[in-house]
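The values are calculated or read from the model by the stated rules, or taken from the named source; none is laboratory data. Here the structure is a predicted model, which is why all the values come from computation and not from measurement. Counting neighbours? That spans all protein chains shown, and the Cβs are built from the backbone with ideal geometry, glycine included.
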Amino acid sequence: MLDARSLGAPVATLRAPGFRAGAPPCTAALGPDAKHAAAGSADGTVCVWEVEGAGGRVVRTLGTGGGAAPTAVAWSPQGATLAVADRGGGVSPWAPAVDGGGGGARGAGGGGC
C-alpha cells in the first residue's frame, strides 16, 4: 500500500500464505474506514486484511476458490459491501462482515488467503 498523498515508500505490504494476485490486471482496494483492504487471489477467493499493525492480517476469505480469478474489488462508501469482478465477466456483491459477523464470508485461512 502506498500513501497517494506523498507517493513515497510503501506504508504496508499485505501478505497471506498461498495468496497470488488474481489476474493481470488485478486491483486491490482500501476500505473507506482505512482499516481494511481487499484483493483477489488467483484461486478465485478474495482476501480481506486488517491493515493496522505490522503487515496486517487476513480477517476474512470470501468465496470458496476454484472460480474465475478476481480482477477488481471495490468497497461501497459505507464499507458494508465489497463488489468483486472476475475474469469470467461476473460481478458479485459480498458483505464481508469484517467486524466478526458472518455475511457470506468465512474466517481467515481458507483458499489462497
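Worth a mention:
- Strands (runs of 3 or more DSSP E) wholly inside segment 17-70 that include at least 2 residues being touching a strand residue (DSSP E or B) at 6+ places or on another chain (Cβ under 8 Å), modelled with pLDDT of 90 or more and of a type in the set (A, V, I, L, M): 36-40, 46-50
- Of all residue pairs spaced 6 or more apart or on separate chains, those with beta-carbon atoms under 9 Å, a first member in segment 24-44 that is touching a residue at least 60 places away in the same chain (Cβ under 8 Å) and over 16 Å from GLN78 (Cβ atoms) and a second member that is of a type in the set (S, T, N, Q) and surrounded by fewer than 21 Cβ atoms within 10 Å (Cβ to Cβ) are GLY44/THR64.
- Listed by first and then second residue, the pairs linking a residue in segment 86-102 that is under 21 Å from GLY56 (Cα atoms) and assigned to a loop (DSSP other than H, G, I, E, B) to a residue that is of a type in the set (Gly, Ala, Ser) and at pLDDT 75 or above, with Cβ atoms under 7 Å apart and 6 or more places separating them unless they lie on different chains, are ALA95/ALA80.
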